[in-house]
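Asker: The structure is given below, and queries will be raised subsequently.
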Amino acid sequence: MFGIVSLLLTLILSPEQRIFYVKHILIDTNLKGINFSTLPGIKGWVFLLSRIVFVIQTIVYLILAIRLANQHNKTINHYFSNTEGKTMNWVRDVSIIAFVVSIAAIVFALMGRSYFIHHNLSLLGPSVFFTTIFFLVGYKGNMQRQIFEPLYEQEENNTNAESEESAENDLKSRLLKLFEQDKIYQVNDLRISTICESLLTNRTYISKLINDEFEMNFNEFVNKYRVEEAKQLLLSRENNKFTMEYIAQQAGFGSVASFSRVFKEIEGTTPGKYREKHSHKMD
């Protein structure tokens, strides 16, 4: 809308008024000298108002993008045991970068072109700033794993009369058997759909059971067993010679970084420090 209004005003302006607009408003950025009663002044206020609206829109979209990213990150914890490569933290990072670029652009615009005309070296600041920002955006894009995959699998109706009755009677015991005896948590990319197929039920039953009975989401439930498995491996003399990467893999974690992060969240210390502290308990 602002672009159309600005274009119409440009067409209406006389050559002298266009020169005045460019020199005193675009180059000198003399906001105090903008006279609303003149056509160049009206065009100047349209220009200024468009920048204000732009900043407001940027802030609103930034908040919405971060909120959606956080909501997505919480949701995938109910579907996956390993969330690496599936989170949308990059959306938050790119949104913040876009916001910083927008604010910087407004600041440089308010400084006026005349400032940079009379201070040639000052152009180095914006040039370095925007070059760095564009580099970071490109770097984030190249480092990001492919996320266009079916994160939310279509829920199949695996329930029947028998499984509905089991959901009320022994679904919890069968779930615990699957984890404590069969150690299904050692599957690296374990998904809640895999649990559903093993227990002949659907995601709603399993998710509700874990949330209500254990007061945690699927990701937390699986990682609890993985950390307990890792603790046994860390304190075993047989596995003392193995690397953290091997222990992480045996416990079901997707990477050492994920293993260390989750272990510290639950135990309050790193796997290495835990092994040193409890070395006297080794079997």
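Asker: Do the alpha carbons of any pairs in Lys231/Lys277; Lys177/Lys264; Lys172/Lys224; Lys177/Lys231; Lys183/Lys277 sit beyond 22 Å of each other, and which pairs?
Answerer: Working: Lys231/Lys277 12 Å; Lys177/Lys264 26 Å; Lys172/Lys224 16 Å; Lys177/Lys231 20 Å; Lys183/Lys277 27 Å.
Checking Cα-Cα distances, Lys177/Lys264; Lys183/Lys277 exceed 22 Å.
Asker: Something else now. For region 213-270, what is one quarter of the convex hull surface built on the Cα atoms, given in nm²?
Answerer: On the way: hull surface 16.0 nm².
The Cα convex hull of region 213-270, projected and averaged over all directions, gives 4.0 nm².
Asker: Net charge near Thr38, counting Lys/Arg +1 and Asp/Glu -1 over other residues with Cβ under 13 Å of its Cβ? List each step's numbers first, then the result.
Answerer: Numbers: positive: Arg18, Lys43; negative: Glu16.
After counting each charged neighbour, the total is +1.
Asker: Using a 7 Å offset from the Cα along the Cα-to-Cβ direction at both Ala257 and Met216, what is the distance between the two label points in nm, to one decimal?
Answerer: 2.3
Asker: For region 182-191, what does the Karplus curve 6.51 cos²θ - 1.76 cosθ + 1.60, with θ = phi - 60°, yield as ³J(HN,Hα) per residue in whole Hz, taken in order and with x for Gly and Pro?
Answerer: Per-residue couplings from phi come out as 7, 6, 5, 5, 6, 5, 4, 9, 5, 10 Hz.
Asker: Next question. Would you calculate the convex hull of the Cα atoms in region 194-243 and tell me its volume per residue in Å³? Spell out each step's value before the answer.
Answerer: Details: hull volume 4.9 nm³, N = 50.
Spread over its residues, the Cα hull of region 194-243 gives 97 Å³ apiece.
Asker: Using a 1.4 Å probe and counting only protein heavy atoms, arrange Arg191, Arg51 so the residue with the most accessible area comes first.
Answerer: Working: Arg191 45, Arg51 95 Å².
Largest to smallest exposure gives the sequence Arg51, Arg191.
Asker: Pull out the extension gain between Ile52 and Ser236, defined as 0.36 nm times the separation in residues minus the alpha carbon to alpha carbon distance; nm, one decimal. Kindly include the intermediate steps, with their values, before the conclusion.
Answerer: Details: separation 184, 0.36 × 184 = 66.24 nm, distance 6.32 nm.
Stretched fully, the Ile52-Ser236 segment lengthens by 59.9 nm.
Asker: While we're looking at this one, here's another question. What full-extension length gain, to one decimal in nm, is calculated for Lys224 and Lys277 as 0.36 nm per residue of separation minus the Cα-Cα distance? Can you show the working numbers first?
Answerer: Details: separation 53, 0.36 × 53 = 19.08 nm, distance 2.02 nm.
In short, 17.1 nm is gained.
Asker: FRET efficiency for Gln186 and Ile96, Cβ-Cβ distance as r, R0 = 45 Å, nearest 0.05? Intermediate values should be presented prior to the final figure.
Answerer: Numbers: r = 37 Å, r/R0 = 0.83.
Computed FRET efficiency for Gln186 and Ile96: 0.75.
Asker: Just the accessible area for Thr131, please: 1.4 Å probe, Å², rounded to the nearest 10?
Answerer: 90
Asker: Need one word for region 166-272: rounded, prolate or oblate. Basis is the Cα gyration tensor (sqrt eigenvalues a ≥ b ≥ c); a/c below 1.5 gives rounded, then a/b vs b/c decides. Kindly include the intermediate steps, with their values, before the conclusion.
Answerer: Details: a/c = 2.33, a/b = 2.02, b/c = 1.15.
Cα axes put region 166-272 in the prolate bin.
Asker: I've got another one for you. Give the residue list of GluC sites (Glu not before Pro) in region 213-251 that are DSSP loop and have at most 10 other beta-carbon atoms within 10 angstrom.
Answerer: Values: sites: Glu213, Glu215, Glu220, Glu228, Glu229, Glu238, Glu245; in loops: Glu215.
Hits after loop and neighbour filter: Glu215.
Asker: Still on this structure: Under the rule of at least 5 residues apart or a separate chain, name every residue whose amide H is placed under 5 Å from the amide H of Met88.
Answerer: Placed amide hydrogens put Asn73 under 5 Å from Met88.
Asker: In whole Å, largest first, what are the principal axis extents of the Cα atoms in region 43-112?
Answerer: Largest first, region 43-112 extends 55, 17, 10 Å along its Cα principal axes.
The values are calculated or read from the model by the stated rules, or taken from the named source; none is laboratory data. Being a predicted model, the structure only gives us computed values, none of them experimental. Note: ideal-geometry Cβ built from the backbone for every residue, glycine included; neighbour counts use all protein chains shown. With ligands, DNA and RNA removed, areas are computed over all heavy atoms of the protein, side chains included. Shrake-Rupley method; radii C 1.70, N 1.55, O 1.52, S 1.80 Å.
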